[in-house]
Amino acid sequence: MRLCRPAFVAALLILATVLAPANPATAANALWWSYGGVWTGTWEDTDHNHWWGYAGTLYYPHNGLGGLNWTVQFNGGAVSYAVEVTNSHPVTWISSTTAPGHVVELTNWLGSRIYLQFTSFTNTGGLGVNNIDLYGPVYNQGEWTVRGGMVNYNGNVTNHADAVWNTKGTLQVKGTFTNHSHARSYGGATLWADAFVNNDRVSLLGGSVGSDAEFANNSGAAVAGAGGLYAPAGIDNQGAIRAETGTLAVYCGEGTLTSTGHLENLPNTALVIEAEAVDHQGTMTVGSGGGITFTSCDLENPAGATVALLGGTLAAPNLTNRSGAGFSGFGGIIANLTNQGLIDLYGPSQIVGNVQNDPGAELAIRNADLLIDGDTVNDGTIRAVNGTVYFEGDLTDNGTIVMDPSLAVVVGDLVVGQSGALVGDAGSTYQMMGRFDNRSTRRAAFDLAATTVEFICRPGGAGPSEMEIAGKNLGPAAAGWTNNFAVGTLRVGNQTWPGHVQLVDVRDNQADGLPEALYVHDLSVAAGSTLETGGLPVYADGTVEVAGTIDLATGGLVLDYDGASPFSTILAEVAAGSAGGAWDGVGIRSSAAAADSQRVTALGIIDDGERVTVDYTWCGDANLDGVVDSNDYDKIDTAWTLWTHEGRVPEGGFRWFVGDFDYDGTIDSNDYDRIDNAWFLSEGGPVAGGTPPAPTPEPATLVLLAAGAVGLATRRRRRAHGRSEIYKQ
Ligand SMILES: [Ca+2]
Ligand SMILES: [Ca+2]
Ligand SMILES: [Ca+2]
């Protein structure tokens with residue numbers, strides 16, 4: 001997009017050489033002739049009744065050569081003239097007037113450079129000047145056309161109100177071009193002046209316009225169309241610069257574009273600006289199908305200024321939106337964006353670059369999608385209302401991100417800083433593909449309790465997404481789900497994409513030095529997906545759906561429930577995960593148990609009527625208190641006796657709590673093997689890990705335990721006997 005500046009400067013140098021005016025020379029006679037209905041003649045023809053030439057006026061010679069000076073007037077008859085100028089002429093003044101629809105064409109008949117020199121040249125009709133240099137001030141009150149050639153006008157040019165100036169060749173005005181009406185530059189043409197003052201409209205019809213001095217585009221004026229606006233000394237735009245029919249390239253070189261007016265591209269056009277700096281204090285409208293591009297300078301949208309995105313793309317290396325500025329609409333932003341004010345997007349939008357949303361700033365998207373194709377640092381507020389925000393890079397949140405209700409997709413890593421907060425209304429989702437590093441200590445402001453946090457694997461991404469847990473471990477108490485970083489729904493994987501999450505607790509979110517817990521209402525792990533808790537405590541009080549795998553390692557999962565117990569569902573998932581003792585099945589499993597070569601640890605599951613608890617413990621710890629003792633033997637013995645002596649299934653069925661320690665749906669010698677081995681190897685001690693940790697026994701309890709141990713030794717022998725009874729059956 002960058003303009004080819006060296007080529008442009010070279011072209012200017014060539015232009016300056018070619019356009020260097022020749023010295024005025026003596027007037028010379030030439031011939032008139034006519035054909036058709038068009039009067040033609042030589043410049044000096046005094047007899048023709050359609051124009052007046054005052055010949056013979058001896059005037060001071062030019063350059064010491066002497067010669068005739070002329071006062072020439074083309075009268076406004078209903079006829080056109082073709083006046084062939086065959087040599088250079090100094091004249092007193094020239095005026096040209098024609099009836100509407102007719103023109104006077106002054107044509108260089110010589111081929112080589114010629115000029116006309118005058119004290120004034122005024123056109124009030126239709127006039128074409130073909131390849132003739134002019135010396136003196138030019139006043140156009142009609143329609144003046146510069147045809148072809150490369151010419152100098154050595155003097156000021158004034159294009160008066162209601163006049164039209166057409167440039168169809170290359171014209172260099174050695175003076176000031178003041179446009180009070182309409183000046184056009186056609187394809188391939190250049191209208192260049194020492195200074196240019198535009199008070200009305202410059203239409204670029206494929207050509208260009210420019211000035212050596214700062215280009216003044218005054219209030220109410222416009223440079224519009226498609227072509228080039230070249231002002232290496234800068235532009236003072238108080239009017240409008242507008243791409244209307246294609247690409248309008250604005251080149252300021254080392255200069256500054258100061259715009260208190262309007263910059264705009266109409267739909268399907270592009271405004272491309274190269275400048276050392278841009279001082280935008282006015283308005284900017286970015287039309288669809290194109291846009292406004294600042295190729296080499298940063299753009300600021302200061303207080304009082306506005307940017308209206310109407311579907312197009314606004315591009316700059318860096319874009320800063322200040323507090324008090326207006327910035328709204330929809331479309332594209334290609335820039336590293338710093339927002340200190342309000343950016344209000346209400347249609348599909350994309351930011352290609354990094355985003356810094358400063359304290360107090362708000363970046364809002366309503367009823368549409370916003371894609372940020374870079375890293376985002378939010379120190380203010382990012383708000384989506386019925387929309388979706390795709391954070392394609394990393395997202396660092398030290399402010400507040402509000403989904404209201406909306407979807408946030410974080411493709412990179414999400415880091416919530418110590419002062420950061422995520423908020424989501426019901427129906428909102430934070431979909432994450434990377435790490436969720438939550439360092440926030442703002443438990444009161446952090447509100448995802450009605451929100452879904454969904455993890456899916458990043459395409460091609462390796463390894464699990466780490467999720468920092470932040471809740472104060474209050475056990476399965478209601479307070480655990482209140483202002484405690486609770487998540488409405490934690491979903492690992494969805495119907496389309498698998499997920500893989502590893503819970504971690506490396507940040508002290510509660511600032512109390514204590515290990516933390518994860519509180520969720522609903523937990524689901526999709527088929528093919530895995531949640532690794534790393535042994536960290538997980539509390540749910542809604543539903544737990546496991547089509548994939550939850551690895552509790554050395555930890556536990558508590559599901560608090562009202563109404564019907566979810567026990568049988570969870571039991572089935574644990575049974576599937578146990579995989580006959582290998583503990584590597586698809587379901588709820590334990591990598592710690594799987595790694596236990598002695599096979600004396602497992603996940604146990606119990607239902608106390610209020611909650612279902614799954615926990616890592618000794619195989620045989622029927623009551624999940626972390627130790628294997630007589631209480632556990634009582635459970636299995638009671639059930640065993642009921643089953644073998646009375647043929648009755650224990651109430652609630654065979655399950656861990658009554659001695660089905662291998663999850664095969666019954667109680668047999670295999671279950672006794674497990675509790676016996678665990679009892680023997682645990683030596684009455686608590687299992688490492690597991691929740692809740694085994695309480696320190698009171699002295700009295702220790703005595704009871706010691707007594708129990710004696711009894712256990714007895715029972716163990718008895719059990720060996722009992723097992724042989726099974727073999728006999
Ligand atoms: Ca933590
Ligand atoms: Ca126990
Ligand atoms: Ca069993």
- request: Could you tell me whether LEU552 is under 41 Å from the mean Cα position of the chain (by Cα), within 25 Å of ASP662 (Cβ to Cβ) and not aromatic (Phe, Trp, Tyr)?
  value: yes
query: Does any residue of the stretch 559-567 turn out to be hydroxyl-bearing (Ser, Thr, Tyr) and more than 16 Å from ligand 3 (Cβ to nearest atom)?
result: yes
- prompt: Would you pick out the residues in the stretch 421-448 that are farther than 23 Å from GLY463 by Cβ and in contact (Cβ under 8 Å) with a residue 60 or more places away in the chain?
  reply: GLY424, ALA426, SER440, THR441, ARG443
- request: Only residues that are farther than 15 Å from GLY555 by Cα, near ligand 2 (Cβ under 7 Å from one of its atoms) and among the charged types (D, E, K, R): list them for the stretch 613-634, please.
  value: ASP629, ASP632
task: Go over the candidates VAL520, VAL492, VAL506 one by one and state the one that is within 26 Å of ALA384 (Cα to Cα), modelled with pLDDT of 95 or more and within 16 Å of ligand 1 (Cβ to nearest atom).
output: VAL520
- request: Enumerate the pairs (first residue in the stretch 150-162 and within 17 Å of VAL202 (Cβ to Cβ) and at pLDDT 95 or above; second residue anywhere and not polar (S, T, N, Q) and not in a strand (DSSP E or B)) with beta-carbon separation below 8 Å, excluding pairs fewer than 6 apart on the same chain, so at least 6 apart or on different chains.
  value: ASN156/PRO137; VAL157/PRO137; THR158/PRO137; THR158/HIS180; ASN159/HIS180; HIS160/HIS180; ALA161/HIS180; ALA161/ASP200
field: Options ALA216, ALA226, ALA315: the member that is within 22 Å of ASN336 (Cα to Cα), hydrophobic (A, V, I, L, M, F, W, C) and at pLDDT 95 or above
entry: ALA315
- request: Please list, ordered by first then second residue, the pairs with beta carbon atoms under 7 Å, 6 or more apart or interchain, first in the stretch 654-672 and within 6 Å of ligand 3 (Cβ to nearest atom) and at pLDDT 95 or above, second part of a loop (DSSP other than H, G, I, E, B) and among the hydroxyl-bearing types (Ser, Thr, Tyr).
  value: ASP660/THR666
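One line per residue, one yes/no per condition, for (1) part of a loop (DSSP other than H, G, I, E, B); (2) at pLDDT 95 or above; (3) crowded, with 21+ Cβ neighbours inside 10 Å:
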| site | (1), (2), (3) |
| --- | --- |
| ASP584 | yes, yes, no |
| ALA592 | no, yes, yes |
| SER597 | yes, no, no |
| LEU603 | no, yes, yes |
| ASP615 | no, yes, yes |
| ALA622 | yes, yes, yes |
| ASN631 | no, yes, no |
| THR638 | no, yes, no |
Subset of the stretch 250-259 [in contact (Cβ under 8 Å) with a residue 24 or more places away in the chain and surrounded by fewer than 23 Cβ atoms within 10 Å (Cβ to Cβ)]: GLY253, GLY255, THR258
task: Being within 22 Å of the chain's Cα centre (by Cα), among the β-branched types (Val, Ile, Thr) and not assigned by TED's automatic domain parsing to the domain that holds GLY207 narrows it down to one of ILE292, ILE241, ILE235, so name that one.
output: ILE292
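The values are calculated or read from the model by the stated rules, or taken from the named source; none is laboratory data. In this text, all values refer to a predicted model and were calculated from it rather than measured experimentally. Using ideal geometry, Cβ is built from the backbone for each residue, glycine included, and neighbour counts are taken over all protein chains shown.
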